[in-house]
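This report refers to the structure that appears directly beneath it.
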Amino acid sequence: MELAQIFQDIEETQFLNKLSSQDRLFFIGDTEPLEYIKNFFENLKQIDNNHYCHLSACNLDNILAIPQGSQQYRAIVIVSFKNEAVLFQEVKQKADKLKINIPTLRLFADVFINHLCKQKLWQSTVDRLEKPKVSYAILTTPRSGSTYFCELLDSTGIAGHPYEHLRLAAQELTRHCNFDYLRLLYNLMRYRTTSNGVFGTKFISHFLFEFQRAKPNFKQIFSSIDKYILLVRKDKVAQAVSLVLAQKTEIWHLHSNLSQNNPNYQAYQSKLGDIEINDVLLSEVEQKFQFIQNQEARLKKILTANQIEPLVLVYEDIVEAPELQINRILNFLEIEKPEQYQMRISSGIKKMPSNISQEIIRQFKQRKSTVC
């Protein structure tokens, strides 16, 4: 994969955008990623007072002495897609020898992970598992209602922040840059808990299987997390249609506070209006229907292989009785409610059924019954 594409995938997390707001950074590393970062920053701010040391143009023995008074910098940041760990050790040793009293950090293994964990950027990350009081993961397939479900859990204030932490950015770094996604998971489990020590996360099936393919230590995910919830959607035709429409409109979620006059809502309706229901579209729905079924079967298989008995939740049940299902989860996780605790759950996600989705479902089922 091209370097630019990897950075674009990383930017779904707004990492470089966040980094551009920082200053006085001493970057050391490979020419191509350094040039990409430098150009990215130059497009966002008028003055760039960072320093960029290209290994191809500098000798590592004196690289840290290039700008006089290197102590003025906030941090030394190692930038390498293939040799981040090796280069880090070499630079760290030389920085320590020169008694440079600023942190030496890796762009991905430290700064990027701190960004995802909402921690101070300029500190080292932990490399070992320190289990929180309660840890759980939600396993599910795309368009199962998991974002709505996770927001309900988060709104309890006592069930962690169960969002999709390990997704495209971590996946591509793992596949192409020797990124340690377990290190990311360990830091998330340390920092992204609610005050009662509960950690929650979410794994969407296709991202989970990419991590499985990328690293031999994949099983450590399952030994790191205590309990699992399998979220399924009963109406898989509706789920498949939702996936097709999300991919075609490139709009995956709408917020519940959007009015019909909101430009984002109008743009979504306009894109829906451009979709033609024909055999090609219905075939796409069929493909997604099979994909969802296969992904769910693989999730069940991997849980069985790791001897995990999950709590199975049905999306339609959550919609019908959200408080009842959330209480069921809290009991499963053995999360104690504080004294005088009153549950007030909410989600900012707007449900997205539309006339066209209902018509696609109708025609799909009609075609399927005719074929049968």
> Between residues in the stretch 278-296 that are within 18 Å of Ser146 (Cα to Cα) and residues that are charged (D, E, K, R), which pairs lie under 7 Å by C-beta distance while being six or more apart or on different chains?
Replying inline: Phe289/Lys236; Ile292/Lys236; Gln293/Lys236
>> Which count do you get for residues in the stretch 101-138 that are touching a Phe, Trp or Tyr at 6+ places or on another chain (Cβ under 9 Å) and over 18 Å from Glu84 (Cα atoms)?
In response: 16
>> Quick check on my filter: what residues within the stretch 268-311 are under 24 Å from Leu153 (Cα atoms) and surrounded by fewer than 12 Cβ atoms within 10 Å (Cβ to Cβ)?
In response: Glu309
> Of Ile37, Ile47, which residue is farther than 16 Å from Cys177 by Cβ and among the β-branched types (Val, Ile, Thr)?
Replying inline: Ile47
>> of a type in the set (A, V, I, L, M) and modelled with pLDDT of 85 or more: which single residue out of Ile221, Ile251 fits that description?
In response: Ile221
> Within the stretch 1-52, how many residues are part of a helix (DSSP H, G or I) and of a type in the set (Phe, Trp, Tyr)?
Replying inline: 5
> Which condition number does Phe108 fail, the rest of (1) more than 28 Å from Val198 (Cα to Cα); (2) assigned to a helix (DSSP H, G or I) being met?
Replying inline: (1)
> Here is a list of conditions, (1) farther than 17 Å from His165 by Cα; (2) surrounded by fewer than 17 Cβ atoms within 10 Å (Cβ to Cβ), and Leu105 meets all of them except one; can you say which number that is?
Replying inline: (2)
> Looking at this structure, is Ala95 small (Gly, Ala, Ser), under 17 Å from Cys177 (Cβ atoms) and out of contact with any Phe, Trp or Tyr (no Cβ under 7 Å at 6 or more places or on another chain)?
Replying inline: no
>> Restricting to the stretch 103-125, name every residue that is over 19 Å from the mean Cα position of the chain (by Cα) and touching a residue at least 40 places away in the same chain (Cβ under 8 Å).
In response: Trp122
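Select from the stretch 141-186 the residues that are of a type in the set (S, T, N, Q) and within 14 Å of the chain's Cα centre (by Cα) and list them in ascending order.
Hits for the stretch 141-186 are Ser146, Thr147, Gln171, Thr174.
Select, from Glu359, Glu336, the only residue that is at pLDDT below 95, within 25 Å of Pro132 (Cα to Cα), over 25 Å from the mean Cα position of the chain (by Cα) and among the acidic types (Asp, Glu).
Glu336
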> In the stretch 326-372, how many residues are out of contact with any strand residue (DSSP E or B) (no Cβ under 7 Å at 6 or more places or on another chain), aromatic (Phe, Trp, Tyr) and in a helix (DSSP H, G or I)?
Replying inline: 1
> Which members of the stretch 164-173 meet the condition of being closer than 13 Å to Gly200 by Cα and crowded, with 19+ Cβ neighbours inside 10 Å?
Replying inline: His165, Leu166
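Among the residues in the stretch 264-279, are any modelled with pLDDT under 90 and hydrophobic (A, V, I, L, M, F, W, C)?
yes
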> Of the residues in the stretch 175-200, how many are within 17 Å of Gln119 (Cα to Cα) and touching an Asp or Glu at 6+ places or on another chain (Cβ under 8 Å)?
Replying inline: 4
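The values are calculated or read from the model by the stated rules, or taken from the named source; none is laboratory data. Remember, predicted model here, so these are calculated numbers, not experimental data. Heads up, the Cβs are rebuilt from the backbone with ideal geometry, glycines too, and the neighbour counts pull from every protein chain shown.
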